[in-house]
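**Student:** Could you have a look at this structure, given as structure tokens, before my questions?
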Amino acid sequence: MYEGVVQDLIDELGRLPGVGPKGAQRIAFHLLAADPNDVRRLAEVLLEVKEKVRFCTVCGNVAEEDQCKICRDTRRDPAILCVVEEPKDVVAIEKTREFRGRYHVLGGAISPIEGVGPDDLRVRELMQRLADGSVQEVILATDPNLEGEATATYLARMLNPLGLRVTRLASGLPVGGDLEYADEVTLGRAFEGRRLLDV
């Protein structure tokens with residue numbers, strides 16, 4: 001335990017996701033030793049982000065305007081919608097440069113343990129987006145974990161009666177991985193998703 005404001009800083013940093021007590025302490029002491037101008041810039045950027053950044057009114061991605069740049073891009077295919085859990089997932093998919101459709105960010109995944117149900121996610125907004133019939137395929141790109149699978153299954157059950165093509169991102173072995181380290185579920189998915197090799 002440290003005195004006053006130093007402990008307050010450590011406590012606040014420790015509330016950030018992925019930052020434990022030791023990490024919070026390291027960051028706090030880094031900030032204490034840093035140049036005051038660097039710390040001031042960091043504080044200004046944090047305040048500016050809270051003032052300027054909001055969530056896109058269409059897809060739920062981060063934006064500085066009412067709509068994000070992807071939703072404003074007329075070159076994107078409006079017939080294909082990729083459903084993800086968080087805005088960071090949009091960034092990950094965009095880095096591949098393989099997807100040219102639009103996105104829908106749920107804002108999380110179904111997790112009964114954490115008290116997150118379908119009503120806590122942007123499912124209602126998804127259904128409203130699909131109501132006009134312009135979307136032909138929905139790609140469920142939730143995380144390949146228990147919560148992501150539960151969310152994908154729930155959404156698939158809701159979307160299948162609409163007559164849409166509902167697909168799920170393939171999952172399996174990572175490139176550069178070893179079979180002996182793969183868990184049973186991952187290895188099973190790799191077998192399910194195998195493809196024909198044309199040589």
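The values are calculated or read from the model by the stated rules, or taken from the named source; none is laboratory data. All values reported here derive from a predicted model rather than from experimental measurement. Virtual Cβ from ideal backbone geometry, glycine too; neighbours counted across all protein chains shown.
Condition check ((1) part of a helix (DSSP H, G or I); (2) surrounded by 14 or more Cβ atoms within 10 Å (Cβ to Cβ)) across all residues:
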residue: R157; (1), (2): yes, no
residue: P161; (1), (2): yes, no
residue: V166; (1), (2): no, yes
residue: L173; (1), (2): no, yes
residue: G176; (1), (2): no, no
residue: A190; (1), (2): yes, yes
residue: L196; (1), (2): no, no
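**Student:** Among the listed residues V175, V185, V105, identify the single one that is hydrophobic (A, V, I, L, M, F, W, C), modelled with pLDDT of 95 or more and either within 22 Å of N61 (Cβ to Cβ) or outside the structural domain of D77 (by TED's automatic domain parsing) (or both).
**Tutor:** V105
**Student:** Something else about it: Got at least one residue in the range 59-75 being more than 20 Å from E147 (Cα to Cα), assigned by TED's automatic domain parsing to the domain that holds G148 and touching a residue at least 40 places away in the same chain (Cβ under 8 Å)?
**Tutor:** So far as the range 59-75 goes, no, none of its residues is more than 20 Å from E147 (Cα to Cα), assigned by TED's automatic domain parsing to the domain that holds G148 and touching a residue at least 40 places away in the same chain (Cβ under 8 Å).
**Student:** Just checking, which of D66, D8 is surrounded by 11 or more Cβ atoms within 10 Å (Cβ to Cβ), farther than 30 Å from A170 by Cα and under 20 Å from the mean Cα position of the chain (by Cα)?
**Tutor:** D66
**Student:** Does I93 fit the bill of being among the β-branched types (V, I, T) and either buried (at least 16 other Cβ atoms within 10 Å of the Cβ) or in contact (Cβ under 8 Å) with a residue 40 or more places away in the chain (or both)?
**Tutor:** yes
**Student:** Within the range 11-33, work out how many residues are of a type in the set (D, E, K, R) and either under 19 Å from K88 (Cβ atoms) or surrounded by fewer than 11 Cβ atoms within 10 Å (Cβ to Cβ) (or both).
**Tutor:** Qualifying residue count for the region: 2.
**Student:** Taking the range 55-110 as the search range and keeping residues that are in a loop (DSSP other than H, G, I, E, B) and among the β-branched types (V, I, T), which one is farthest from S134 (Cα to Cα)?
**Tutor:** Filtering first and then ranking leaves I110.
**Student:** A further question on this structure: Going residue by residue through the range 117-136, is there one that turns out to be assigned to a helix (DSSP H, G or I), farther than 19 Å from G60 by Cα and at pLDDT below 95?
**Tutor:** For the range 117-136, residues assigned to a helix (DSSP H, G or I), farther than 19 Å from G60 by Cα and at pLDDT below 95: absent.
**Student:** Return the residue satisfying two criteria in turn: it lies in the range 130-154 and is under 18 Å from A79 (Cβ atoms) and within 19 Å of the chain's Cα centre (by Cα), and of such residues it is surrounded by the fewest Cβ atoms within 10 Å (Cβ to Cβ).
**Tutor:** Across the range 130-154, the extreme among qualifying residues is I139.
**Student:** From A109, A141, grab the single residue that is among the hydrophobic types (A, V, I, L, M, F, W, C) and within 19 Å of L164 (Cα to Cα).
**Tutor:** A141
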